[in-house]
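These notes are about the structure you will find just below.
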Amino acid sequence: MTALGLTAAASFLATLAAVPCMMWLARRLNIVDKPMHRKIHTQPVPFLGGAAILLGIVVGAALFQTVAGELRAEEASKASLIVAAAVLAGLLGLADDKF
């Protein structure tokens, strides 16, 4: 399997494993979308799906840098900036879900 294929599979599996954990955590911390007159759902729907996806991205990025071998400093720097931006966006999304 290529480095890219391994990274994609690991990202998918990390996200798949994180979704039920994030659902449980969202219910436990009451980070849910509550039913209202403008909503079609009748029970609270847990947020934090974005956190599960972010975890998959971080796992994939870390694994790719490990498996792909030597990345040029410029490429590694760009990848780190992209992951940092994704983490920042994820934290803003988490704050939005909570508040």
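Here are some notes:
- Heavy-atom accessible area order for Asp96, Asp33, largest first, 1.4 Å probe: Asp96, Asp33
- In this label model, Thr66 and Lys39 are separated by 3.8 nm, measuring between points 7 Å along each Cα→Cβ vector.
- Two-site label geometry, Leu25 and Ala95: point separation in nm, points 7 Å out along Cα→Cβ: 1.8 nm
- Residues whose placed amide H lies under 5 Å from that of Leu48, excluding near-sequence neighbours: none
- 0 to 90° range, to nearest 10: angle between helix 73-98 axis and the chain longest Cα axis: 10 degrees
- A Stokes-Einstein calculation at 37 °C with viscosity 0.692 mPa s, built on the Kirkwood radius of the chain over Cα pairs, returns a diffusion coefficient of 218 µm²/s.
- Area of Met36 that stays accessible when all protein chains are in place (1.4 Å probe, Å², to 10): 100 Å²
- Between 0 and 90 degrees, the angle of helix 3-28 with respect to the longest Cα principal axis of the chain falls at about 20 degrees.
- Cleavage-rule hits (GluC sites (Glu not before Pro)) in the chain: DSSP loop, at most 16 neighbouring Cβ within 10 angstrom: Glu70
The values are calculated or read from the model by the stated rules, or taken from the named source; none is laboratory data. Predicted model, so just to flag it, every value in this text is computed and none were measured. Glycine also receives a Cβ, built like all others from the backbone with ideal geometry; neighbour counts cover every protein chain displayed. We work out accessible area using only protein heavy atoms, side chains counted, and drop any ligands, DNA or RNA first. Shrake-Rupley method; radii C 1.70, N 1.55, O 1.52, S 1.80 Å.
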